[in-house]
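Structure record follows, encoded as structure tokens.
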Amino acid sequence: MERVILHSDINSFYANVECLYHPEIRNLPVAVGGNPEKRHGIILAKNQKAKEAGVKTGEALWQARQKCPNLVVMPPNYELYLRFSRLARKIYNRYSNQVEPFGLDESWFDVTNSVKLYGSGEEIAQKVSQDIQNELGITVSIGVSWNKIFAKFGSDYKKPNAITVITRDNYKKIIWAQEVGDLLYIGRSTKKKLMKYGIYTIGQLAQTSPDFLVLQLGKMGMVLWRFANGLDDSPVKPFDEQYNGNERILKSIGNSITTPRDLKDLKDVKFIIYMLTESVAMRLRETGCYCLTVAIHVRNKELESFTRQMKLSKPSDLTKEIAEAAIVLFENNYDFSSDIRSMGVRVTDLVPDSTPIQLDVFGNEEIRMRQARLDDAVDDLRKRFGNLAVRRAVTIGDQMSCLDPKKEHVIHPIGYF
Amino acid sequence: MVIKKFVQVVARFQEDGKMIPLQVLWEDGRVFEIDRVLDMRPGVSMKVGGQGIRYTCRIQNKEVCLYYEEPKWFVESKEK
């Protein structure tokens, strides 16, 4: 039986929730933006009016104000958005037990087995859309199709408050005519490559020989070809309501921060790395994993960024080892040609912490064990008295020392694979 | 103008966890008995901006919407 998959995308999620809670600004152009003083001053979301004025997500607040002088900028209220996200998921759960969230505002749900109960995919989409509007006061765009990729495409196709059904009869007309960059997982650089070979639309991509795409793009070539032809058969991964967001199969744990001021020297960088690693390592220990690989992300003032990663000699969850690896990575790869604006630390290749570790004659395992006990004790103190209760000396005496990445950690969309 | 007014509520918790409001205590000391809960479902108040469980109640022969927006209760009030 053909699958029926819906993808629901809440329209201008943050901005519309703010509009709901502030009736007085509902008819004005509204954007949700970060705090410029903390240098998070970009547009996170905007409502329809602001969109019409040309305000774009991701641009700086001052740029947006130039285009739209009467723009109302609201500070973000993540707890509220998380609550709405959870409530929306609950509504999807009425029609299917297979709901896969993709970030806070998007979800797939597989209603193949509910069609007999609630009517066709389109009818279910209408019901969901009605429920969301009545109960949450916000609107959604829903795409209905037989695979996840086309369902997502459908939800992006018409906005706001719309339902797009993509069937085997109309997909060539609707999807194939669109620009190749609109397909999930075709970003700037893939698009450039494809355009070099005269592939401008999704239809052209679909009709290109998959062998040629594999030759040019590696294994992603095959994936994209399957996406374009509607052959994607990845299941909607059921999601447990009890868990919070991203606790499916963890692939990596990371934190990053745009610092309140530029980082000028190694001392600043060390300080930020330690601060981020404290949070990352603590989360790593909470999930009961060791990591094998440490990666850093650096972005400078000119907004150029790079990522570097390295393997650890032994699986580890020690703050000290992870931080030292991150510092080594940084020292080997950056020369302070420009000041740094934002940094991230991430650990991947996670293995359960019950994995046996190969000891060696010269490695000082006793010190590592003591270190682990120290980390445990610190974790315990932090759980009882807050994340800033125990701190490293490097992180004291700086205006940035009050940053708490663990507490401010919010869940963002994770990869499709 | 309609404003979002948070109010004190006396409620009964049933065995199944359902919560039924019984009285609304106004700030000036008046007590409004809820004669009957006509409807309860998740809902939004577009007028004052809020989202929660909406209890449509009959109070003194008038239909009033009482919202439970965790963890507070509010009504759409006309008073200043």
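The values are calculated or read from the model by the stated rules, or taken from the named source; none is laboratory data. These numbers come from a predicted model, not from an experiment. Don't worry about glycine lacking a Cβ; one is built from the backbone with ideal geometry, like all the others, and counts go over all protein chains shown.
Taken over the stretch A:27-61, the criterion of being surrounded by fewer than 16 Cβ atoms within 10 Å (Cβ to Cβ) and within 22 Å of B:MET46 (Cβ to Cβ) is satisfied by A:ASN27, A:LEU28, A:GLU52.
For B:GLU63, the conditions (1) at negative phi; (2) over 12 Å from the mean Cα position of the chain (by Cα) all hold with the exception of (2). In the stretch A:1-52, of all residues being at negative phi and among the hydroxyl-bearing types (Ser, Thr, Tyr), the one that is modelled with the highest pLDDT corresponds to A:SER8.
Check whether at least one residue in the stretch B:37-53 is buried (at least 16 other Cβ atoms within 10 Å of the Cβ), more than 12 Å from chain A (Cβ to nearest Cβ) and touching a residue at least 40 places away in the same chain (Cβ under 8 Å), and report yes or no. No - not one qualifying residue is present in the stretch B:37-53.
Which of the residues belonging to the stretch A:11-38 are within 25 Å of the chain's Cα centre (by Cα), within 14 Å of chain B (Cβ to nearest Cβ) and of a type in the set (Asp, Glu)? Walk me through it before giving the result.
Residues of the stretch A:11-38 within 25 Å of the chain's Cα centre (by Cα): A:11-20, A:30-38.
Next, from what is left, pick out any that are within 14 Å of chain B (Cβ to nearest Cβ): A:13, A:15-20, A:30.
Of everything in the stretch A:11-38, just one residue is within 25 Å of the chain's Cα centre (by Cα), within 14 Å of chain B (Cβ to nearest Cβ) and of a type in the set (Asp, Glu), namely A:GLU18.
With the condition being in contact (Cβ under 8 Å) with a residue 60 or more places away in the chain and over 16 Å from A:SER256 (Cα atoms), I'd like the strands (runs of 3 or more DSSP E) fully within the stretch A:289-388 carrying at least 1 qualifying residues. Walk me through how you get there before you give the answer.
Working: elements: A:289-300, A:305-316, A:340-352.
Once the strands (runs of 3 or more DSSP E) in the stretch A:289-388 are filtered for at least 1 residues that are in contact (Cβ under 8 Å) with a residue 60 or more places away in the chain and over 16 Å from A:SER256 (Cα atoms), what remains is A:289-300, A:340-352.
When the stretch B:59-68 is filtered for residues that are over 25 Å from A:ILE138 (Cα atoms) and either at pLDDT 95 or above or within 14 Å of chain A (Cβ to nearest Cβ) (or both), nothing remains.
Being surrounded by fewer than 16 Cβ atoms within 10 Å (Cβ to Cβ) and either more than 14 Å from chain B (Cβ to nearest Cβ) or touching a helix residue (DSSP H, G or I) at 6+ places or on another chain (Cβ under 7 Å) (or both), is that true of even one residue in the stretch A:89-96? Walk me through it before giving the result.
Initial filter on the stretch A:89-96 (surrounded by fewer than 16 Cβ atoms within 10 Å (Cβ to Cβ)): A:90, A:93-94.
Checking which are either more than 14 Å from chain B (Cβ to nearest Cβ) or touching a helix residue (DSSP H, G or I) at 6+ places or on another chain (Cβ under 7 Å) (or both) leaves us with none.
No - not one qualifying residue is present in the stretch A:89-96.
Yes/no matrix, rows are residues, columns are (1) within 14 Å of another protein chain (Cβ to nearest Cβ); (2) crowded, with 18+ Cβ neighbours inside 10 Å; (3) not in a loop (DSSP other than H, G, I, E, B):
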position: A:LEU6; (1), (2), (3): no, yes, yes
position: A:ASP9; (1), (2), (3): no, yes, yes
position: A:GLN63; (1), (2), (3): no, no, yes
position: A:VAL73; (1), (2), (3): no, yes, yes
position: A:LEU80; (1), (2), (3): yes, no, yes
position: A:LEU87; (1), (2), (3): yes, no, yes
